[in-house]
Amino acid sequence: MKEILLYTGVSDCNMEEGSLRCDANVSVRPLGQEKFGAKVEVKNVNSFALSAGLEYEIERQIEVIESGGHIVRKRASGRQ
């Protein structure tokens, strides 16, 4: 992926300066349920930590839902 981003000029991929970072949305749903729940944004993650961050958030949401809780999406502005 890094070579594609460099070749197309999308990024300089300078990880020391934080150039290769991303945001990802995560939302889970129980089997058989049609709609996904609230999505939670995993923000400003470097490429090396992305997989671990996504796995953590997926497992966290599953645990909350299986224990009877609800996922609440928090917005940066403080509104929910």
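The values are calculated or read from the model by the stated rules, or taken from the named source; none is laboratory data. Quantities reported herein were computed from a predicted structural model and do not represent experimental measurements. For neighbour counting, all protein chains shown are included, and Cβ atoms are generated from backbone atoms with ideal geometry for every residue, glycine included. Calculation scope for accessible area: heavy atoms of the full protein, side chains included, ligands and nucleic acids excluded. Shrake-Rupley method; radii C 1.70, N 1.55, O 1.52, S 1.80 Å.
Of all residues being open to solvent by less than 80 Å² (accessible area, probe 1.4 Å), part of a loop (DSSP other than H, G, I, E, B) and farther than 23 Å from Q33 by Cα in segment 44-76, which is modelled with the highest pLDDT? Just the residue, please. Step by step, filter segment 44-76, then rank; the result is A49. Return a yes/no flag: does segment 14-26 have any residue that is loosely packed, with under 14 Cβ neighbours inside 10 Å and among the basic types (K, R). No, every residue in segment 14-26 fails to be loosely packed, with under 14 Cβ neighbours inside 10 Å and among the basic types (K, R).
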